[in-house]
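Computed from the coordinates by the stated procedures, all read-outs in this text should not be read as laboratory data. Treat the numbers as computed from the prediction; the structure is a model and nothing was measured. Here the Cβ positions follow ideal geometry from the backbone for every residue, glycine too, while neighbour counts run over all protein chains shown.
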Amino acid sequence: MSKTPLHQSPPASPTLVPLSKPSSQANGGIAILPVQSAPSIQKSPRKVRVGLASNTIEVVASPSPIEKSLSVKAVVTVKPTTGGFFSELGISGGFDMITDLIGKTLLLELVSAELDPKTGQEKGTIKGYAHKNGQNEEEVTYECKFEVGEEFGEVGAVFVENEHHKEMYLKDIVLDGFAGGPINISCNSWVHSKYDNPQKRVFFTNKCYLPTETPSGLRRLREEELVILRGDGQGERKSYERIYDYDVYNDLGNPDSDVDKKRPVLGGKEFPYPRRCRTGRPRTNTDPLSESRSGSIYVPRDEQFSTIKGLTFSAKTVYSVVHALVPSLETAIVDSNLGFPHFTAIDELFNEGVNLPQLQKQGFLKDLLPRLVKTVTDASEDVLRFETPETMIRDRFFWFSDEEFARQTLAGINPYAIQLVTEWPLMSELDPKVYGPPESAITTEIIEREIKGFMTVDEAVKQKKLFMLDYHDLFLPYVNKVRQLKGTTLYGSRTLLFLTPDETLKPLAIELTRPPTDDGKPQWKQVFTPTCHATSMWLWRLAKAHVLAHDSGYHQLVSHWLRTHCATEPYIIATNRQLSEMHPIYKLLQPHFRYTMEINALARGYLINGDGIIETTFSPGKYSMELSAVAYDKQWQFDLQGLPNDLISRGLAVEDPTAPHGHKLAIEDYPFANDGLLLWDTIKEWVTKYVNHYYPDPSCIASDKELQSWWTEIRTVGHGDKKDSPGWPDLKTPSDLIHIVTTMVWVASGHHAAVNFGQYTYAGYFPNRPTIARTKMPVEDPTEEELKMFWDKPEGALLTCFPSQIQATKVMAVLDVLSNHSPDEEYMGQDPEPAWKEEPVINAAFERFHGRLKELEGIIDARNTDQSFKNRSGAGIVPYELLKPFSEPGVTGKGVPYSISI
Ligand SMILES: [Fe+2]
């Protein structure tokens, strides 16, 4: 058969049959125009009346009196949108759809799942116009009746043509009247107006099929739908398009506005990076490698959920903060370099707040950010008043203690950095000719003095008692560059910690290093220890502030952005390009990919962009994103993204079949790892049951063309800069697939939740986690004046090193909204996908998954009240709940959503 153009319905029968009973619609029209495909049957023509809303037309129809038929009712549910909030953002286009509905219809065409056995051709479709027959605030329904002849067989898909002049959001279609019960088609998709694009949309039923099992009548449509979604890679993408394609990160800078805002391309040989969604915007005038930031930020239409989610949709609050609140802050705090004059001035952010005169005109902010923006009743100004973080409520002085600093490496928001010391002495792998002597200044003597005769360093290494935060080799190459920037500085750092017999960590030493400078100064490095003398103690506090800024930067740029948001985007693009919506693995992954492309587009626009929130508030300044590319190049491997391998690679776990979850932890009371392994195993059990159900024959993995293309594209295109690097598992067996999918699900759920939802709790009071250390140590090549200032008022030196007022308040406001769960948050395992419910085996597996996650809540609660777990319970300690599966709305420090949506 000659190939029909993309998504053209099969040649519809040239004849029409009338309804047995014309149904009268609410709008007064006769609504039904059924079409039956039975080309081989002779039919005698007669006239029928067919209504199209208020118009009535006459058509010629051919009944087939001998054929039995079923009366089938189609109900289409359409979601009204919440309005055009995002239109100014340019990443979606809201509109009030209800006003556009009257008198307009949807043309539906039922597609048979099977080819015509006599001709081997696709059967004709059965057409009908669906008319609006009900609406409430939540949804609008359209109805249509069909007569389906028994020869038509099972319905496999429905074509939809939107006769309105505007797009509409189709939630689902239910076809009722078949002997086997209703057929459900979950759409959750925007359908364009036929006036914008004559191509019809196809929606398959919820049934999953591996490619080779696709019913014969749907094979062409399955392939063609993927061709449409891949697009042609040409031109600028329009906001209504659905095309998933790849591009490099070349839109972070804005060189046309200012030459200082030019940024390197991330992605490619110089700076390997995952790919982002291609938007096809024109190149800038001044840099042919950069894409212009003018116009909208395209994401495929169905990735734009903002207009159908509630008003509190997370992206909206982020947008409000960066777009309205931050400019107001910049007006209120005139001197951008001004630090906090004393510690009580920091406390005032939670008590009195910051006056924001500008917000008078932006009343909507108060509704969107009720936690942050308050009206003072007896004054004419609005006030930005921060909520006191849970850590502060429980212990006013929590941030000051070394024990808490160490505990947070295991139970804070960056539990991904701590690693076992396996070799002694510590050595840098950087080129000594450029960076100076590679030997660490942390000597055996220093460590043995600090562990006070417990054991020798050799014993400590052998017994796995020495741990480290290693920000030496990653940061050192950027130190001289960053020091050229105003208002910031940088070191390479190493922080050594000792595991005491009660399973808590004790910080031993911090080494800060500056490489040789361009003006001829040699390498500088010094070790600071928490000794009792006043000078050493203040230097220790200052060194700790530097390490915390390093850890903050690594957390945001690597543990959070790179490893979750950024690394996941290519999986989403490949899944939409290579796996049909009817592929079971598409259906399994889809909820884990919701909202991520949209929030990532917003991040590219306002958070990680040149001169954006990250660059202006973190130590590495305009080199921040480059550093995340270096981390991707040097550290990222797919096989290390799953939790067990991640722990093993950092020396925090070894495989041990006798240990819980098959892994023995180097630190038994490691809250993130303990709860994480529970969650990992729970996800893996669910994924295993799912995969084994759809691949009962293991050889089907290797022969599944869609699946193989998907995995190849992820490795060679989406993460193509690392295609020749180690760590890519094969995809030949069900166990390979289970491992790959479990890893993706874990990254989108557990990993992201662990590094995201505690941000305000732990960094809302910034002395605990400053994002930037602005001044060098007073003992590094000091001037007399610097030394005197330090000696006279060391607290002043610490406050000057900390973020400025504007930096601190910007970050606090952003972290507050990033830590928030919206009331319509979708927690993993809470509600099943419609397709999962329809397959009894999968439904049962989901029930088990849900039940297990509920059990986890109890287990985690019990752990948090067990005083023997000193790293998660104790006086004034915030319990470790970041991996507790469910949560109430708000900033709760718990809850694991399906996907990365904030
Ligand atoms: Fe996030």
- Query: Is it possible to state the helix-based mean residue ellipticity at 222 nm for the chain, with each DSSP H run of 4+ residues giving -39500 (n - 2.57), the sum divided by total residues, to the nearest 500 deg cm²/dmol? What is it?
  - Reply: -9000 deg cm²/dmol
- Note on the structure: In debye to the nearest 20, the charge dipole size for the chain, taken about the Cα centre with +1 at each Lys and Arg Cβ and -1 at each Asp and Glu Cβ, equals 1780 debye
- Item | Pairwise centroid distance, computed over Cα atoms, of region 584-650 with region 822-860, Å | 26 Å
- Message: Along each principal axis of its Cα atoms, how long is the chain end to end? Whole angstroms, biggest number first, please.
- Response: 105, 66, 53
- Query: region 714-806: which trypsin sites (Lys or Arg not before Pro) are DSSP loop and have at most 15 other beta-carbon atoms within 10 angstrom?
  - Reply: Lys723, Lys732
- Dipole-positive endmost among His850, Ser819, Asn864 within region 817-873 (Cβ charges, Cα centre): Asn864
- Message: Tell me the net charge near Val745. Cut-off is 12 Å between Cβ atoms, Val745 excluded, with +1 for each Lys or Arg and -1 for each Asp or Glu.
- Response: 0
- Determine the distance separating the Cα centre of region 426-470 from the Cα centre of region 226-284; give it in Å without decimals. 44 Å
- Hey, which of these cross-link pairs are over 20 Å Cα-Cα: Lys171/Lys837; Lys132/Lys316; Lys486/Lys776? Lys132/Lys316
- Task: Tell me which residues come under 5 Å, amide H to amide H, from Ile297 once H is placed; ignore anything under 5 positions away on its chain.
- Result: Ile91
- Per 10 Å bin, what percent of the C-alpha pairs of region 577-647 does each bin hold, from zero upward? 17, 26, 37, 17, 2
- Query: Residue by residue, what Karplus-based ³J(HN,Hα) values in Hz, rounded to whole numbers, does region 649-665 have, using 6.51, -1.76 and 1.60 with θ = phi - 60° and x for Gly and Pro?
  - Reply: 5, 8, x, 8, 8, 10, 5, 7, x, 8, 8, x, 6, x, 9, 9, 8
- How much length is gained on full extension from Thr443 to Gln635, taking 0.36 nm per residue of separation minus their Cα-Cα distance? 66.5 nm
- Quote to one decimal, in nm, the extra length available between His693 and Val334 on full extension: 0.36 nm per residue of separation minus the C-alpha distance between them. 123.0 nm
- Item | Surface/4 of the Cα convex hull for region 103-189, nm² | 6.5 nm²
- Query: What shape does region 673-736 take by its C-alpha gyration tensor, where a ≥ b ≥ c are the square roots of the eigenvalues and a/c under 1.5 counts as rounded, a/b above b/c as prolate, and the rest as oblate?
  - Reply: oblate
- Note on the structure: Counting only DSSP loop positions in region 464-522, the chymotrypsin sites (Phe, Trp or Tyr not before Pro) whose Cβ has at most 13 other Cβ atoms within 10 Å are none
- Of the candidates Pro182, Leu410, Pro803, the farthest towards the positive dipole end of the chain (Lys/Arg Cβ +1, Asp/Glu Cβ -1, centred on the Cα centre) is Pro182
- trypsin sites (Lys or Arg not before Pro) restricted to DSSP loop in region 453-514 with at most 12 other C-beta within 10 Å: Lys486
- Task: Over all alpha-carbon pairs in region 636-707, figure out the percentage whose distance exceeds 22 Å.
- Result: 37 percent
- Let me know the volume per residue of the alpha-carbon convex hull for region 155-260, in Å³. 160 Å³
- Mind listing the Cα extents of region 628-786 along all three principal axes, in Å, largest one first? 76, 37, 28
- Cα-Cα longer than 32 Å, checked against Lys145/Lys207; Lys118/Lys200; Lys166/Lys810; Lys464/Lys587; Lys689/Lys884, kept in input order, equals Lys166/Lys810; Lys464/Lys587
- Task: Determine which residues of region 516-544 fall in the zone a paramagnetic label at Gln484 would reach in this model, i.e. backbone nitrogen under 20 Å from the point 7 Å along Cα→Cβ.
- Result: 516-524
- Message: Quick check: convex hull of the Cα atoms in region 513-666, volume per residue, rounded to a whole Å³?
- Response: 193 Å³
